[in-house]
Structures are given as structure tokens and as C-alpha cells.
Amino acid sequence: MATVLSVSGSPSASSRTGRLLRHLDQRLAAQGHEVIPLDVRTVPAEALLGADFRHPAVVEATELFARADGVVVGTPVYKASYSGVLKALLDLLPQYALAGKTVLPLATGGSTAHVLAIDYALRPVLNSMGAAHIVQGWFTLDKDITVREDGSVTVAPATAEALDQVVDQFATALHRTPLLAAAG
């Protein structure tokens, strides 16, 4: 099966975005994929803000992107865009770090006013980085994600069903991407 890099672009350790991604990682792992989580907030700020391409954490993140067949990118929406910490990491990756890869963009936020952030802010960046195929993304309202005391996540039923479909479409596309990349 495929290797999937699951990138949380949230600056918060208790982020709903990060917890939702780890929840979705379980679905991908149950389908036989190797899922590697990457929380961008764990990359030292001095490396990100100082554009230190040689910092071991940046080198490791770059290697994880290179190794992955597919990438799930999740971000909270701030001021109608993806997070600054995610931008800082994407800026340090090679220009075509997503070449030949299937990508699933996901976002979370407090209002449906931010739903277009995926298509108008995140998708163009992912496209410019050479993604072979960007599947339909999904925006999830914060209120639809409940974090239990043990850290596990419950997603509102209608949202959970939609997320399952989006994740399954991504998983299906992972199998087709090598054909698309070879044809291009």
C-alpha cells in the first residue's frame, strides 16, 4: 500500500485540526496504508522563521515529503487562509516537493465563512508545488469535532460520513497517481 504523510498545520498542541487528522489517519491505516504523522508545530520556530534549510528538523520534514506517495494537509483557518506555521514549512520545502503525489487538503474553522480557504488559499500553493492530483478537500466546523477527556475524537455524524467519503476518495486516488504521473 501507499505511504501517506499526514501534516497538521496547527500551531496548537491541543488543536482540533491535529486531533481530526490523527483520527482520519486511523482510517487510512485500517486500509493498509503506512501513515506518518507530522505536526508542523514540532519543527523549531527558529528553523522555520529563520528559513534554515539545513536544520535537522527541516531536513527530516523534507525527507518525509519525498518519501510519501500521498500527503494529507490539515490546517485551521485564520483570517481566511491556512496557518502561518504551515506556510513557513511549505516555503522551506523544494519547489516541487509534491511532484507525483496525491494530496488531500483539509481545513477546520469556526464559521462556514472560511469554507473557501481550501480552494482559494491552500489549493493554489499545493498545485504550485507540483501535486500530481489534489482530491476534493473538506472543511470541518470546529463545533462538529468533539475531543473527549482521553484525547479521542468524535465527529458529528453527517460530517463523519462526508470525511469518510473524502478520505476514501483520496485512498482510491493514491492507487491511480503513478499512472497519472507516468502519463504526464
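The values are calculated or read from the model by the stated rules, or taken from the named source; none is laboratory data. Everything numeric in this text was worked out from a predicted model, so none of it was measured. Counting neighbours? That spans all protein chains shown, and the Cβs are built from the backbone with ideal geometry, glycine included. Note: accessible area is taken over every heavy atom of the protein model, side chains too, but ligands, DNA and RNA are not part of it. Shrake-Rupley method; radii C 1.70, N 1.55, O 1.52, S 1.80 Å.
Scan (1) within 12 Å of the chain's Cα centre (by Cα); (2) farther than 25 Å from Glu63 by Cβ for the single condition Leu122 breaks and write down its number.
The one condition Leu122 does not meet is (2).
Across segment 72-112, which residue is most open to solvent (accessible area, probe 1.4 Å) among those that are aromatic (Phe, Trp, Tyr) and either over 14 Å from the mean Cα position of the chain (by Cα) or farther than 17 Å from Asn127 by Cα (or both)? Write out each step before concluding.
First, the residues of segment 72-112 that are aromatic (Phe, Trp, Tyr): 78, 82, 96.
With either over 14 Å from the mean Cα position of the chain (by Cα) or farther than 17 Å from Asn127 by Cα (or both) added as a condition, the list becomes 78, 96.
Values: Tyr78: 107, Tyr96: 141 Å².
Applying the filter and picking the extreme gives Tyr96.
Give the residues of segment 76-105 that are under 22 Å from Gly50 (Cβ atoms), touching a residue at least 60 places away in the same chain (Cβ under 8 Å) and of a type in the set (S, T, N, Q), sorted by residue number.
The answer is Ser83, and nothing else.
So Ser111 passes all but one of these: (1) free of Cβ contacts under 8 Å to residues at least 12 places away in the same chain; (2) polar (S, T, N, Q); (3) in contact with a Leu (Cβ under 9 Å, 6 or more places away or on another chain). Which condition number does it fail?
(1)
If Asp69 satisfies all but one of (1) touching a Lys or Arg at 6+ places or on another chain (Cβ under 8 Å); (2) under 11 Å from Leu5 (Cβ atoms); (3) buried (at least 20 other Cβ atoms within 10 Å of the Cβ), what's the number of the condition it fails?
(3)
From Tyr96, Tyr120, which residue is closer than 22 Å to Val43 by Cα and among the aromatic types (Phe, Trp, Tyr)?
Working: Tyr120 fails: closer than 22 Å to Val43 by Cα.
None of the other options fit; the residue is Tyr96.
Taking the stated definitions as given, is Thr154 touching a helix residue (DSSP H, G or I) at 6+ places or on another chain (Cβ under 7 Å) and either loosely packed, with under 14 Cβ neighbours inside 10 Å or part of a strand (DSSP E or B) (or both)? Give the derivation first.
Values: touching a helix residue (DSSP H, G or I) at 6+ places or on another chain (Cβ under 7 Å): no; either loosely packed, with under 14 Cβ neighbours inside 10 Å or part of a strand (DSSP E or B) (or both): yes.
In short, no.
Touching a Gly at 6+ places or on another chain (Cβ under 8 Å), among the hydrophobic types (A, V, I, L, M, F, W, C) and under 16 Å from Val167 (Cβ atoms), is that true of Leu86?
Working: touching a Gly at 6+ places or on another chain (Cβ under 8 Å): yes; among the hydrophobic types (A, V, I, L, M, F, W, C): yes; under 16 Å from Val167 (Cβ atoms): no.
Criteria not met by Leu86.
Name the single residue that is farthest from the chain's Cα centre (by Cα) among those in segment 5-17 being of a type outside the set (Ser, Thr, Tyr) and open to solvent by 10 Å² or more (accessible area, probe 1.4 Å). Before you say what the answer is, go through the steps one by one.
Step one: filter segment 5-17 for residues of a type outside the set (Ser, Thr, Tyr), giving 5, 7, 9, 11, 13, 16.
Now narrow it down to the ones that are open to solvent by 10 Å² or more (accessible area, probe 1.4 Å): 11, 13, 16.
Working: Pro11: 14, Ala13: 16, Arg16: 13 Å.
Filtering segment 5-17 for residues that are of a type outside the set (Ser, Thr, Tyr) and open to solvent by 10 Å² or more (accessible area, probe 1.4 Å), the one farthest from the chain's Cα centre (by Cα) comes out as Ala13.
I'm trying to understand the selection: among the residues of segment 32-45, which are closer than 13 Å to Leu5 by Cβ and either buried (at least 18 other Cβ atoms within 10 Å of the Cβ) or touching a residue at least 60 places away in the same chain (Cβ under 8 Å) (or both)? If you could, list the steps in order and put the result at the bottom.
Of segment 32-45, the ones closer than 13 Å to Leu5 by Cβ are 33-40.
Selection gives His33, Val35, Leu38, Asp39, Val40.
Among the numbered conditions (1) farther than 20 Å from Val167 by Cβ; (2) surrounded by 12 or more Cβ atoms within 10 Å (Cβ to Cβ), tell me where Tyr120 comes up short.
Against the list (1) farther than 20 Å from Val167 by Cβ; (2) surrounded by 12 or more Cβ atoms within 10 Å (Cβ to Cβ), Tyr120 comes up short only on (2).
For segment 35-66, what are the residues that are under 18 Å from Ser10 (Cα atoms), not in a helix (DSSP H, G or I) and not aliphatic (A, V, I, L, M)?
Answer for segment 35-66, where residues must be under 18 Å from Ser10 (Cα atoms), not in a helix (DSSP H, G or I) and not aliphatic (A, V, I, L, M): Pro37, Asp39, Pro44.
Residues checked against (1) over 16 Å from Val167 (Cβ atoms); (2) aliphatic (A, V, I, L, M); (3) touching a Lys or Arg at 6+ places or on another chain (Cβ under 8 Å); (4) open to solvent by 50 Å² or more (accessible area, probe 1.4 Å):
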{"position": "Ala2", "(1), (2), (3), (4)": "no, yes, no, no"}
{"position": "Ala30", "(1), (2), (3), (4)": "no, yes, no, yes"}
{"position": "Ala47", "(1), (2), (3), (4)": "yes, yes, no, no"}
{"position": "Thr62", "(1), (2), (3), (4)": "yes, no, no, no"}
